[in-house]
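Structure record follows, encoded as C-alpha cells.
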Amino acid sequence: MTSDLAPARLRVAPSPTGDPHVGTAYMSLFNLAYARRTGGAFVLRIEDTDRARYKADSEAQVTQTLRWLGLPWDEGPDVGGPYGPYRQSERLDTYKPFVDRLVEDGHAYHCWCTPERLAELRKEQERSKNPVTGYDRLCYGMTREQRAQLPGFSENPVVRMLVPDDVPLQFDDLIRGTVSAPRPDDQVLLKTDGFPTYHLAVVVDDHLMGITHVVRGEEWISSTPKHLLLYRWLGWDAPAFAHMPLLRNPDRSKISKRRNPAARLLWFVEQGYLPEALRNFLQLLAYPPADGESEVASFEEFVAGFEWSKVNTVGPIFDIDKLNWLNGTYIRNLSVAELGDRLVEFVREHQRPLTDAEAAVVRGSAAMLQPRLVLLSDALDQLTFALTPDADLVVEDDARAQLTDAAPHVLDTAIGTLESLGDFSHEGIDEALRMALVTGLGLKPRVAFAALRVGITGRRVSPPLFESMELLGRDSVLARLRALRASL
Ligand code: GLU
C-alpha cells in the first residue's frame, strides 16, 4: 500500500511458554496493520530466553495460529530475513558485548547474591513495610573477593543495571500520550545461565532489527523506563511506543488462560471459528466503527483507516456473542462450495475421520446448514442422521412420542409419493409432499411432516426436512420411512 507515512518496522515478540494467548494475535494484528499501512515490514521474533518456562511446541503453535489467522510476517525464524537469527536463544553472542560495555561504563554491575538472600530480603522488606523495595545494592562497588566474605554469596554472578535516582519515568505513547511509570528496580540484565533477561534482549534486538515502533500490551508500561535507560546508555535512538489495552472478560477481569478458554488462541481453531471472523472481531476490539461504517470489515479496510489515536485505552471487553454473530455472518458470506470444503476439513482435523462418501455428505450439506451455523463444529451433530447408515438409525424416544394416529397413513402416502417422484430436489420433494399430505389428506403441515422428520432423522428437531431428504437421496429416505412404518 502506498502511504504518506515512512515505512515502519514492527515486530511481535511472543515468549514460547505455552500454547499461545489470544493477546499474541491481538498484538500481531496491530503491528501488522501498521506495517502494511506504511508499506514497512512485520517481524516475528521468538523471545525464548526464559529457559525455565520454555515449552518446545509453543513456537510451532504460534506460527500455525498466526498463519491460520492470516497474519503473515515478512521476517522470522521460519522465513529468515536480513536481521536474523530471529530466536533470541540463537543470539547469545550478540548480547554479551553490550552487557560488558554497560559494566565498563558503570551503568551495570555484577551481583553475587544467592536466590535465598534475595528471597529473604524481599520478605524482610514486606515485614517492615519498608517503602524502599527491590535489590539493596549490597554487591554494588564490591569486587568478587570482597563480596565472597559476606553471606549469601554465589559463584555465578548476574549483571544488574544501576538505575540512577533521576531515571526519567515519563514517556510518550502513541495511544496514551504522556505516560508515567513507577521507579524501576536494579533490573537483572544477564542471568547466571548466560542468557539475557527480556529487558536487555528486547532493547538490543529492537535496535539491531531496526524496529521503529514497539507495539505491545499495557503490562509492559512499567518496564519502559528501564528500556529507555538502556537505549540512552547504549547511545541509540529509542523507537516509538504504543501500549495496547489488555483484553478483558465481561466482568472486567483480565483474560487469563486459567479462567477463560477463549484466552487460548487454539480454542478458536478447535471450536470452528473462521479465522477471518476472529480477525475482524479483534479489529473491532481496538475501536468501534465510526458512524456509518460497518462492523464487518476486511483486514485491508482496517489497514486503510488505521490510526493509533483511534485506539481505546480502556480494556476492551471480549464479547463472545459478538464474535459468534460475526462468525455466522462470515459463514453466510462464503460460497456454498467453500463452506463445504471448510466443513470437511474442519471435521477431519478436529472431530473425526471421514470416508470419501461421508465427506461427500458433509460437503453436500453446506447449502442446508449455511443459514443456521454459528460454528463449524456445530455441523457434525446436525449431520449425525445423514452419517448414520440407514439400518443403524435409532429413533429417539421423545421423537417417537411425537407420532400421532395419522403416522401410518402419512408414511404410506409419503412413500408412495417419493417412489414415483421424478425430481428428487428439495423443491421437488417439498411440492410433491405438500400436495399429497396437506392438500390430499387435509393434514396440518406440522402433523404431516413431523412423522417424516422422525422417520428420516430419528430426532424431534433436525435441519430443514426437504433439504435433509435431498441430502440422503431417495433410496435412503425410502428405506428409513419404510423402517419406521414397519415398527408402528
Ligand atoms: N516477550 C514479550 C511477551 O511475551 C514481548 C513484550 C514486548 O513486545 O516487548 O509478551
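Readers should treat all values here as calculations from the given coordinates under stated rules, not as data from a laboratory. Since this is a predicted model, take the numbers as computed values, not measurements. Cβ sites come from the backbone with ideal geometry, for glycine too, and all protein chains shown count toward neighbours.
Using the Cβ-Cβ distance between residue 335 and residue 267 with R0 set to 35 Å, the FRET efficiency from 1/(1 + (r/R0)^6) comes to roughly 0.85. If you take every DSSP beta bridge whose two residues both sit in the chain, what share of them, in percent to the nearest 5, is antiparallel? Percentage antiparallel, nearest 5: 50.
For the range 341-488, the relative contact order comes to 29 percent (Cα pairs under 8 Å, sequence separation of at least 6). Each of the peptides 398-408, 35-45 was scored by the mean count of other Cβ atoms within 10 Å over its residues; in descending order, highest first, they stand as 35-45, 398-408. Among 298, 420, the ranking by other beta carbons within 10 Å of each residue's beta carbon, starting with the fewest, stands as 420, 298. The range 346-418 and the range 1-40 have Cα centres lying 44 Å from one another. For residue 254, a cut-off of 16 angstrom between C-alpha atoms picks up these aspartates and glutamates, skipping any fewer than 8 places away in its own chain: 218, 219, 319. Given a Förster radius of 30 Å and the C-beta distance between residue 57 and residue 320 as r, what FRET efficiency does 1/(1 + (r/R0)^6) yield to the nearest 0.05? Approximately 0.70, to the nearest 0.05. Packing order of peptides 224-234, 54-64, 352-362, highest average first: 224-234, 54-64, 352-362 (average count of other Cβ atoms within 10 Å over each peptide's residues). The slack between residue 253 and residue 119, meaning 0.36 nm per residue of separation minus the straight C-alpha distance, is 45.3 nm. As a check on your grasp of the helix formula, calculate [θ] at 222 nm for the chain: sum -39500 (n - 2.57) over DSSP H runs of n ≥ 4, divide by the residue count, round to the nearest 500. When only DSSP H runs of four or more count, the value is -12500 deg cm²/dmol.
The label-point distance for residue 74 and residue 185, in a model that sets each label 7 Å from Cα toward Cβ, rounds to 3.8 nm. Note that the range 302-312 has calculated 3J(HN,Hα) couplings of 4, 4, 4, x, 6, 8, 4, 5, 7, 6, 5 Hz, one per residue in order, obtained from phi through the Karplus relation 6.51 cos²θ - 1.76 cosθ + 1.60 (θ = phi - 60°); glycine and proline are x.
Across the chain, Cα pairs under 8 Å and at least six residues apart give a relative contact order of 12 percent. Cβ crowding within 10 Å ranks 243, 207 as 207, 243, fewest other Cβ atoms first. Taking a ≥ b ≥ c as the square roots of the eigenvalues of the Cα gyration tensor, the range 78-184 is classed as oblate, since a/c reaches at least 1.5 and a/b does not exceed b/c. How high is the relative contact order of the range 333-385, in percent, counting Cα pairs under 8 Å that sit 6 or more residues apart? This gives 44 percent for the range 333-385. Residues 425, 128, 377, 365, arranged from fewest to most other Cβ atoms within 10 angstrom of their Cβ, appear as 128, 425, 377, 365.
The order of the peptides 380-393, 474-487, 137-150 by mean Cβ neighbours within 10 Å, most packed first, is 474-487, 380-393, 137-150.
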